[in-house]
Structures are given as C-alpha cells and as structure tokens.
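Working notes for the structure below.
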Amino acid sequence: MSLIRIITQAGPGGTVVTILAYFTGEYWFPSTARNELVLAAAVFGFIFGLLLKLLSKQAISFLSFPIIVRAKREIDRKNNQGHFYFDNEDKKEDFDKFDGQVFQYTCLFYSGLLVATISGIHAFLLTDPLATLGLLLITSLSTIILCGLSIVKIQNIILMSPIMFD
C-alpha cells in the first residue's frame, strides 16, 4: 500500500495529525532521515484515525450529545410537540447512526485539540519569541478553525437531519 493511500485512508483528521507528527518529529529529531519521518508520521496519522474509528460511537457521543440535546430543545420549542430524545426510545438507534460527515468533523475536532495542545506546549518550551508567537497563533487558529467550525458543522448536520423532525 502506498504512503499516500495510508494518509488518505485516515481521513482529514488523520491528515492533520500526520502533518503535525511530521513537523514535530522534524523539530525534535533533526538527524532522522526524511523518509523515516514521513513513514512515522503517516503511521501515527493512520493510527489516530483508526483509534477514532474504533472508538467512534464514544467519540461522537461525547462531542455531539450536548449538541443533540440543544437541538432537540430548539426543535421542541419551535414545534411545541414534546418530542424529546429520551421520550422516543424507538428512535434511539436512528440517533446513534450518524452520517459519515459527523465522523469526519469529529476527527477534525479531536485533531484540532491535539494540534492546539502540542503547539501550546511547544510555545512554552521554546525561548525564541517569534517562534512562541507563531505557535500561539497556530494554537488559536486550530482551536477556532478545526475545533470551533467542526462543532458548528456538526450542529448544522444534526439540525438538518430529518430524524430530528420525525
């Protein structure tokens, strides 16, 4: 299997983590050959995507359950019909079957958390003020773009789901 295929199999979150792993490895292990770093980063990104896939129900539920509760409250307030998630046990399986997009945005959210955490830690480890400012900027942007926009997108997917209006 080619290296590019491994990276793309992990999805967008795995790709972000692969890039992060490569640049982190390049910084901390400068004497390592580029081919070895690329292979290690691809494997790390693939394992990250695989772990999220294996734990997808728990990962998605942890991230999207508060969004579902809020969405159900909004829909109930608009419709005044009293259909809550907990009152419809027969539809619980439908709520648990999220679209593939929700999984992709969940991967992006967790990879954004990983990027923000690692770049934040590096910002405090480095003494160069320019590198520290750059890493703090990366931390802020990954938190806003990868985490914040992923939550907004998941919320939109859930609100537009026809299951919510049944």
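A short reminder: the numbers here are calculations on the coordinates, not readings from a lab. Just so you know, these numbers come straight off a predicted model, no measurement behind them. Glycine gets a Cβ as well: all are built from the backbone with ideal geometry, and neighbour counts include every protein chain shown.
With θ set to phi - 60°, apply the Karplus curve 6.51 cos²θ - 1.76 cosθ + 1.60 along region 136-142 and write out the HN-Hα couplings as whole Hz, x wherever there is a Gly or Pro.
Using θ = phi - 60°, the values come out as 5, 5, 4, 4, 5, 5, 5 Hz.
Along the Cα→Cβ direction, 7 angstrom out, place labels at residue 27 and residue 144. What is the inter-label distance in nm?
Result for the modelled spin labels: 2.0 nm.
Please list, in order along region 14-23, the HN-Hα scalar couplings obtained from phi with the Karplus expression 6.51 cos²θ - 1.76 cosθ + 1.60 (θ = phi - 60°), rounded to whole Hz, x for Gly and Pro.
In residue order, the calculated couplings are x, 5, 4, 5, 4, 5, 4, 5, 5, 5 Hz.
If I model a spin label at residue 51 and residue 39 as a point 7 Å from the Cα along the Cα→Cβ vector, what separation in nanometres do I get?
2.2 nm
Treat each spin label as a single point 7 Å out from the Cα along the C-beta direction, and report the residue 137 to residue 124 distance in nm.
So the label points at residue 137 and residue 124 sit 2.2 nm apart.
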